[in-house]
Each structure stands twice: as C-alpha cells, then as structure tokens.
Amino acid sequence: MTRRVYKRKISRRAPRARISKKPSRIGAFFHGLFSMERNKVRLKKIFRFTFRATILLAIWGGVILAAVIAYYAYDLPDIKQIAQPGRRPAITLVADDGTIFKRYGDLYGKRVALRDVPETLVKAILAIEDRRFYSHFGIDMWGLARASYQNARAKRLVQGGSTITQQLAKNLFLTPQRTAKRKVQEMLLALWLERTYSKDQILTAYLNRVYLGAGAYGVDAAASVYFDKPVRDLTLLESAMLAGLLRAPSRYAPTNDPAATMRRAETVLTAMVDADYIALTDKQRALASVAVPPRKPGAGGDGQYFADWIADQVIAILEKEPQDIVVYTTIDLDLEREAERRLDAVLASPEAVAQNVSEAALVSMSYDGAVRAMVGGRDYAESQFNRATQAMRQPGSSFKPIVYLAALEAGLSPDDMIEDAPLKIGKWMPRNYDERYRGMITARQALIESVNTAAVRVMQKAGMENTISTARALGITSPLEHNLSLALGTNTVTPLEMTGVYAALAAGGRAVMPYGIKEIRSRKGKLLYRREAMTMPQTVNTQAVATLVDMMQDVVRYGTGRRAGLDRPVAGKTGTSSDYRDGWFLGFTGSTITGIWMGNDDNKPMKKVTGGGLPAQLWHDFMIYAEAGKPIKPLLEGILAPPVEETRQDGIGAFIRGLVN
C-alpha cells in the first residue's frame, strides 16, 4: 500500500497587526446596561443577606438581653411598695449644759415637700449630682459615657455616672455594695421609677431619704444635725455644704473636717455658676458670708468613751420598745475636753515615753456619783476599748483604804502601833515597795507611806470577811478572793468601780452609785425614765470614814501622794501593782472625786511607774482645771451631823436589790 505523506503547509505570512476594536456608542450603552443589571443583582443578594443577618442578630440579641434582664431582675426587691426602710432607732445624747454631743443609729427628719426645700439647695444638688435630671429617662447616657471615659483615662474610679433616680433606687431597694449585678439592677429600678413617678416626686423622695452623714437621713435631719435649724432656713453656703456631702458624707461633714467642708462647698458653688443657677457674685458673697459652722461641742471625738458607756445602758429600753430616744446625761463637755487634753499631754511627755506608759483612764464625778468626765483611753479612733469601765486591773495599794476602814470599824486607832517587819504566810512573803522595814510604826504612818507588811497585819486585825464586806458596802462588785494578798490590791477591778469607792468615802460612807443618765425621753418628748433624787443609805460607820479621810489627807500632805497636792484639802491614795504593771491615784476635794489609772493594754510592766508619779501628776493637772473658780471646801462638810441608821448588808448591791424588789 502506498503511504501518502502529507506535508504540513507552513504559512509564511506575516502576523496581522492587532486592531483595537472600539465599541460603538450603542454597544457601549447596552454593555453598561447589562453590567448595571448584574451589580443590582449582586447588591440585592448582599442586602438580603445583611438584612437577614441583622434580623437574626437582633432576635438573638433581644433574647440574650431578655435573659440578662430576667437574670438580674429575678431577685429584685418588691418595687410595688416604697415602705419606710428598717433602721436602727436613733439615740441622741445631750450633755449637762443641753448640748447635743453624740448620736447613734439612724436619724430621719420630718418629711418635707419639694416646695418647702430652698431653691438654692435643690439647685446645688442638681448642679453637683445630676444637671440633666429633668431631661433624661432615668439613665444619663451622656453622663455615663463621660464618667467611663474619665475613669478609663485615670485608670481608677474618679467619676460616677449615677443619676439622682439611680441613687434613689439604690437607697430605697438595694445594698451599698458595688457589683455589676447591683449596677444593672439599679438601672432597671431607675427606669421603673421614671415610668411610675414624676420627676418632682422622685426628687422629693431623694431629698427625704438620702444619707448625709452623722446618722442623718434626709435634708431636714441634716440641717438640724449640722446647723441646728430647719431645712427651709438654709443659706446658699449651707445648701452648698449639704450638697457637697453627697459624694462622701463622713469625709466632708462639718463636724469632722470643717476645712474639707468649705473646699467641697466651693466646688459645689462653682458647679452652680457653670450651670447658670447662680451668678459669680452670688458665689463670692456666699463664701464671704459666714465662716465654717462652728464644730458642735463634743462632736467628732469629745466624750466618745462616755457616749458608748451610756449607749450600752439604754439598749435594754430600745429592745423593749424600738423608737428614737433622747438621753440627757451628766457629762460636762468642758471638763471632758480638758481631761482628754491633760491625759494625752501626760502620756506624750518624755517621762511617760521613757517609762513605757502607753495607756491611761480617767473618771471624774460629783459627790452623788454623777460622772462629769470619762476618758477610756488615749485615742478612741485607734481603740474603742473603754479602760475606764472595761479594763480589769489590780488596784494595788489604792485598795488599802478599804482595808484600813474595816480595821477602824473593828476598833483600830490611827495611833495604834503596827509592826513593819518581814512577814511569811505559807509560801507567800509580802515585801515593801522600798525593800526596807521600819519596825513599829503607827497605823497612820503605815497608810501614809503605803507599807505593805503593815497593811497585811491590819487586815488580819480587821478580819478577811469584814474587809470583803466593807469593800462590798463601798461599791466593789468584782469578784474578791479570800486571801491575805487582798490587802495589797491583787484582785482586779475597773477604774470606774474604784472611783465609786472613793466617792462613797467622800460622801462619808453613804452608798454612791456612779451614773451618767439623768433622763430619757422619746423623740416626741414622752418621759421614759428619770433618775429621782434619793437619799443613799449609810453603808459604813461615819466616824470611821471621817478618821480614814483624815489619814488619807496626810497621804497627800506628807506621803506617797504629795505630787497631787492642791491649794485646798485633798484626800487620796496611790496604788502600784506588782512589777509596776498598774499605777493609780484616786482622790477627792470638797466637790470632786477623780480616779486615774495608767499602764499597758498587754499588761507589760512599766519602768518603775508608781501611783505617786505620773498618775498623781495627771490627777493634779486635771483637778487644777476642775476646781478653778470653785470655793475651797473642807472635806466631809456636813457629813458628821446627827448619825443615821446604818445598814451594813452588802452596800450598794443590797440597796439596789431593795429598790427593785
């Protein structure tokens, strides 16, 4: 078979040049038309997808939001009722001169209508707290955004975004704790309040319920506490001061830091100028109108230990019938402040520092037992433990007058001779402070020099049971052990207890019950309690007391208490416990009884501090002020008149039980 061979024909022609094909105008028109159609289709698809995605997200977002709201709303309080919140009954303490010096509990003022609140106060609050109050819906989104920005910028909380409505919601229904849950609930409640009540109703509720420090709730209570006037009489400056308390009531309270109060008030006035509520000249006149309101006597520290002592006593009344009460007390605020100053000055002295003395207590009272001053420690802010009423300490030799009184009743004479020589009772060997023995000395000299061995022998003469009975008759209620070391004050007592004993001696042996409450009334004036004047029973022999007081005057004239001497008759006794753990001086003039204790809370020894040293010095310094301007009175004046029927029993305890029964 013949195979045909085909040869590919190769063209030798040159390639054709490319010719640009330009569409005609009609072609271009139809081309663009078809392109637009394709874009529209594409856009429709994108739009449908976006729309469907948005709807889906909205639905799921709504579901999630509803779930969140349901979660946070699940345990919301009952918002259908705005009832008076549970609160502690208010206890208002009034000093002997009529000055209110302390409040406990929650104090609510009279409910005031918005029309009765000064316009200056309303504007001050709106300027510093919520300028858009009348325009927002309960949550100020702009204010919230601004606060968030400022807080993020400062990297700490410097501004709050809460509206007045939110603050009211928190005050009415929520706890003060700061959590995300509480904030969401606060917003939900704010929206409900705005939907349910008018703006004026919300603002009125806020003004009547907001906390403004010092236990005061509402502007009326605050006006009374800080300025002693009704809210309608507040000046522009006073309004600015109250408005300034809203951010930090304790820090800016006039009774706490007057300078900080004025700085904050100036900030509020500046905000009022910025909001066009007042003119700049109004601000300047307000700042120049009055000085910082005077700090109320007793506020911010004066009499705190005394106030706590009184408050503890009235709790029983409030437990039976919870209500606001006013307690009229015996405290002399001038004397109290002087006691605090003198005590702090002595403890801060180089001598006290060198001798390792860190704490002290002072109690001063009149002859009937009315406590006029009480300092329970060096710094109430540092320690609220009241050493005057709660510290159980060994009285040391300040207990010896009780021992000597029991012996005088048993027939001892001041001139009787007592042996000062080494003494051993079983394994116990009492020693004298100065480690020396004087031989035979008089009972008077033994008390003047506070001789320990002689005191034990005196108690042996008086008898253990008689000594304890005398202590009870004079007002000792603490446990007393039946052993001879009792003569040296080894059993523990409180400074208030011991001062009461010396008050009974000053009264010639009549029972004296220390007290601080004269009268208690309800806030509406109803009398709940009044301490009636009464003749206290004679619990020990009057003549024996007179003899003892004469001996105790010699303790101050010639003995261990010389540092306490004044320009008038003084009877007193020093006390030092073992290893110098306690130092005491207790004594009295013709009008005042005062007791001093010094030591350390941890019971560590002081460096050779005796009752005749720093305690006697503090007693002397305080009593100079307490006796200033008073006539010089002899001790036991009018006491040794016709004898009274004596009732031994167990002194004050039996007397009180008799009254109760």
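Miscellaneous remarks
- Extending 7 Å from Cα along the Cβ direction at residue 284 and again at residue 624 yields two label points whose distance is 5.0 nm.
- Computed over the range 249-396: relative contact order in percent, which uses C-alpha pairs under 8 Å that are six or more apart: 19
- Residues of the range 323-358 with amide N under 14 Å of the 7 Å Cα→Cβ point at residue 385: 358
- Packing-based ranking, highest mean first, of 425-434, 483-492, 233-242 given that Cβ atoms within 10 Å are counted: 233-242, 483-492, 425-434
- On the basis of the beta-carbon distance and an R0 of 56 Å, residue 550 and residue 263 show a calculated FRET efficiency of 0.40.
- With R₀ set to 56 Å, the beta-carbon distance separating residue 518 from residue 42 gives a calculated FRET efficiency near 0.05.
- Sites residue 601 and residue 232 - FRET efficiency at Förster radius 56 Å, r taken between beta-carbons, to 0.05: 0.70
- By the Stokes-Einstein formula, at 0.890 mPa s and 25 °C, the range 481-547 with its Kirkwood radius over alpha-carbon pairs has D equal to 165 µm²/s.
- Heavy atoms of residue 283: accessible area, 1.4 Å probe, square angstrom to 10: 30
- Potential lengthening of the chain between residue 460 and residue 416 amounts to 14.4 nm, from the contour at 0.36 nm per residue minus the alpha-carbon distance.
- A crude spin-label estimate for the pair residue 275 and residue 250, with each label 7 Å from Cα along the Cβ direction, gives 2.7 nm.
- Eligible aspartates and glutamates near residue 604 by straight Cα distance, threshold 15 Å, same-chain separation 8 or greater: 359, 579, 582
The values are calculated or read from the model by the stated rules, or taken from the named source; none is laboratory data. Given the structure is predicted, the values throughout are model-derived calculations rather than measurements. All Cβ positions, even for glycine, are placed from backbone atoms using ideal geometry, and neighbour counts span all protein chains on display. Calculation scope for accessible area: heavy atoms of the full protein, side chains included, ligands and nucleic acids excluded. Shrake-Rupley method; radii C 1.70, N 1.55, O 1.52, S 1.80 Å.
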